[in-house]
Amino acid sequence: MVSESVIAVSELTRRFGATTALASVTLSVPRGGVYGLVGANGAGKTTLIRHILGLLRAESGSVRVFGRDPVADPVGVLSRIGYLSEENDLPGWMRVDELLRYSRAFYPAWDDAYAEELRRTFALDPTAKIKNLSKGQKARAGLLVALAYRPELLVLDEPSSGLDPIVRRDILGAVIRTIADEGRTVLFSSHLLDEVEQVADHVTMISRGMIALSAPLRTLKESHGGMTLDEIFLAHVGTA
Amino acid sequence: MRSPAAAIAWELRRRHRWGLHAVLTYLAVLAAVRIFVVRHPVDFENDQTFALVVVVPLTATFIYFLAVFSFGLSGDLAARQSMYPARLFTLPVTTAALVRWPMLYGAAAMAALWFATRLLAVWPAGTDVPVVWPALLAASLMAWTQTLTWMPYALPGLRVMVTILWLATIDAVVLLALQHKTPEPVMLAILAPHVPLAYLTARFAVGRARRGDVPDWRRTRIARPPRALAHARGDQAQAWLEWRQHGRSLPAMVTIVVPLELLLLFAFREAPVIVFEILAAVLLTPPFMAAFVAGTLSGGVTPFIAMRPLTNASLVGAKLKVAMRSTVIAWLPIVIAVPLMLRLSGTLPLVLDWARQLIDVVGGPRATAIALLVLAALLALTWKQLVQSLCIGMSGREWLVKASVFATLSFLAVIVPLAHWIIGSRQAMAMLWNLLPWILAVLVCVKLAAAVWVAARLYDRGLFGGRALVIGAIGWDVAVLAVYGLLVWILPTLLFQQYFLALIVILAIPLTRLAAAPLALAWNRHR
């Protein structure tokens, strides 16, 4: 594992009106491995991820992804990131094959054979319109376009919320598939702690916009006498 | 709120409060003008002036009400599915109640709009303005718009065609009745059945939609193999997406409306003035419709689009390219249909005679240049209408969009009566003519200062490099000089001073708002 940081967030603060969504968050995600970001709903996970993707501008503090500012250089950053979120707002009018052909134009590293393999694995009909797919199929389609160019950084923002166990298995499989290639990194945000526990190397707990705890999962478990991640979370964050 | 009726009314009022406030403000201004400025009916020199004074803002209000009460602002007009909000289907109320209340509110709003218009508008002297039947017509048009909007369709796009044809048919029947000087009781008898009929049809349509019953004729078509698409670059793929999402609306609308307009040539072939008006209406149809389509093209950026690894300039560039393609394709039916319909209707000799008269006055080369310039100006105007609001829409700020609409309507509400007053006063006209160069010069200074400010922000934010900005500025200068040179050649300098033409051209060629679009997008994309 290389120690270089893929994501470096420093003293990041963000307010929405009177609400402080992030308060002096500092975070460093090393290259390689799976980084779990856990927290209750409204803790600030999505706000942090939106800063990493350049969809929010840092009000104070700084965000660097691959050493670049994602707001100043969206092309340089986004072309190396695969992203899947709970919202998954793929254009409903597109067919699956159109979505693939559209997406491949943006990524020089797009792998047609791999995309086709994933499509078959996920049993997606190429002529089906996105809006006619089930929620699980839409998540699979989103996962397909996030993976097909083998991104250096895969960002999953609550990807499994509301999905059945089979689709959640596919998503976890994608995480494992991604880290099978050396040097690739996954940032996995979820409130389903058992999922994070299955795949994460490092866990950061976020609560009320602040980092409550951040450590390698193994260290965390050892220091808490073999407690599960659920129990550790409740001990440190409570129900907030 | 203790009843579904109150809840539906509250939602409509709450959601569209800014628009409804704007309408009320406009009506209050109109009332003030009516009571304090114009106390009696006035003599308008022609119908067009009267139309400009009251019809433009009130037609905008009419269309706004149609969109609000049919829930048409938050759905896909081209989709097969009903546009009635699906979330209301799960409420524990009958389908009749779901249909009845929005229909009742819509009809009441339309009737109120008519009564306000009749009461407050400045009507020409001697005009006998009817009381009841226009209110009933407005309510009928609202009811049918709601019905046809809420109905599920078997094919995509069918909703637009059916709605336009049906509403045009109702209008045509009323116009025919007016032409035959039909008395008010007969007009009422013609219009009275519409609202109940529309209500019954809407009940059936919403009931179907509530059951998820959407007919699909596409299943009977022979399945086509998926069309192979190959986008070499991201910006090409983005242009394809923009085209599929927004590019086809304008050509489709023009293709539907223009043939109907041109059919009027057959009815009025003996009246040269009306033939001229029909042709003018046809030529102004694409820019007019582009103003409506612009809202969809400049719509907000979804997270899916924001996540594309493209620069803000490329995302805006894709929209500009699609607007250009959409403009060219929208004009094709006109270029083909106008000569054809002129020939078939027997009005071609009339138009050729006008052309000969123009050639006699200005000469062949100048006449050709004027014709080409008018065509190019109309194409450019269509494109400009499509893209000039990008800097508002792409900001993704709803308050900015609403403020812009409000400002435009307020401007119209003030400028139209002001223009009418100036045209009617010889002294004011002379003063305006003397001041016009100064007014234009001030506007040019404001435009150029704003352009410099936008360019500085574009450079500071790293959205454009210095070289790109310089090339853009040179391109704009070349366009201005080319159009200016052409106008100086075409127009006699006795009529227009050269500096006057230069100021007009500088104001007409798009610059600031276009340049501000990437800035607005960056403001939205990186909040």
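Nothing in this text is a laboratory measurement; each read-out follows from the coordinates by a stated rule. A quick note: this is a predicted structure, and the numbers were derived from the prediction, not measured. No Cβ is skipped: glycine too gets one built from the backbone with ideal geometry, and neighbour counts run over all protein chains shown.
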query = What angle, in degrees between 0 and 90 and rounded to the nearest 10, separates the Cα long axis of helix A:165-180 from the longest principal axis of the Cα atoms of chain A?
reply = 80 degrees
task = Using only the Cα atoms of the protein assembly as shown, construct the convex hull and provide its projected area averaged over every direction, in square nanometres to one decimal.
result = 39.1 nm²
request  = Would you be so kind as to identify all helices of chain B, as entire DSSP H runs, whose Cα atoms reach 27 Å or more along the helix's own axis and whose mean Kyte-Doolittle hydropathy is at least 1.0?
outcome  = B:95-120, B:158-179, B:249-267, B:272-297, B:312-345, B:364-387, B:398-424, B:426-460, B:466-490
task = Positive end of the charge dipole of chain B (Lys, Arg +1 and Asp, Glu -1 on Cβ, about the Cα centre): tell me which of B:Thr149, B:Ala281, B:Ala232 has its Cα farthest that way.
result = B:Ala232
task = Mind sorting A:Asp97, A:Asp170 by how few other Cβ atoms lie within 10 Å of their own Cβ, fewest first?
result = A:Asp97, A:Asp170
inquiry  = Relative contact order for the range B:392-527: what percent, with Cα pairs under 8 Å and sequence separation of 6 or more?
reply    = 43 percent
note = In this structure, the FRET efficiency calculated for A:Ile166 and B:Leu260 from their beta-carbon separation, with R0 = 60 Å, to the nearest 0.05, is 0.70
inquiry  = Sort A:Leu27, B:Leu310, B:Leu418 by Cβ crowding within 10 Å, fewest neighbours at the top.
reply    = B:Leu418, A:Leu27, B:Leu310
task = Report the charge-dipole magnitude of chain A in Debye, nearest 20, computed about the Cα centre from +1 at each Lys and Arg Cβ and -1 at each Asp and Glu Cβ.
result = 460 debye
remark   = Once the dipole of chain B is set up from charges on Cβ (+1 Lys and Arg, -1 Asp and Glu), the residue from the list B:Leu188, B:Ala121, B:Ser74 lying farthest towards its positive end is B:Ser74
key: Neighbour-count ranking [beta-carbon atoms within 10 angstrom, fewest first] of B:Met142, B:Met161, A:Met94   = B:Met161, A:Met94, B:Met142
task = Work out the charge dipole of the protein assembly as shown with +1 on the Cβ of Lys and Arg and -1 on the Cβ of Asp and Glu about the Cα centre, then indicate which of B:Leu381, B:Leu458, B:Ser345 is farthest towards its positive end.
result = B:Ser345
request  = If a/c stays under 1.5 just call it rounded; otherwise compare a/b with b/c (prolate if a/b is bigger, oblate if not). Do that for chain B, with a ≥ b ≥ c from the square roots of the Cα gyration tensor eigenvalues.
outcome  = rounded
remark   = Listed residues A:Phe122, A:Phe106, A:Phe16; largest mean-square fluctuation, Gaussian network over chain A with Cα springs below 10 Å, found at A:Phe16
key: Pairs beyond 30 Å (Cα-Cα), from A:Lys45/A:Lys138; B:Lys319/B:Lys447; A:Lys129/B:Lys402; A:Lys131/B:Lys384   = A:Lys129/B:Lys402; A:Lys131/B:Lys384
key: chain B - percent relative contact order, Cα under 8 Å, separation 6 or more   = 15 percent
key: Difference of contour (0.36 nm per residue) and Cα-Cα distance, A:Glu222 to A:Phe16   = 70.4 nm
note = Once B:Arg34 and B:Phe292 are pulled to full extension, the length gained, defined as 0.36 nm per residue separation minus their Cα-Cα distance, is 89.9 nm
Helix-only CD estimate at 222 nm, as mean residue ellipticity for the protein assembly as shown, using -39500 (n - 2.57) per DSSP H run (n ≥ 4) = -20000 deg cm²/dmol
Cross-link reach list, aspartates and glutamates versus A:Lys135, counting only Cα pairs under 13 Å and skipping chain neighbours closer than eight places = A:Glu86, A:Glu87, A:Asp89, A:Asp164
inquiry  = Is there a quick way to get the dipole size of chain B? I mean about its Cα centre, with the Cβ of Lys and Arg at +1 and of Asp and Glu at -1; what is the value in debye to the nearest 20?
reply    = 2140 debye
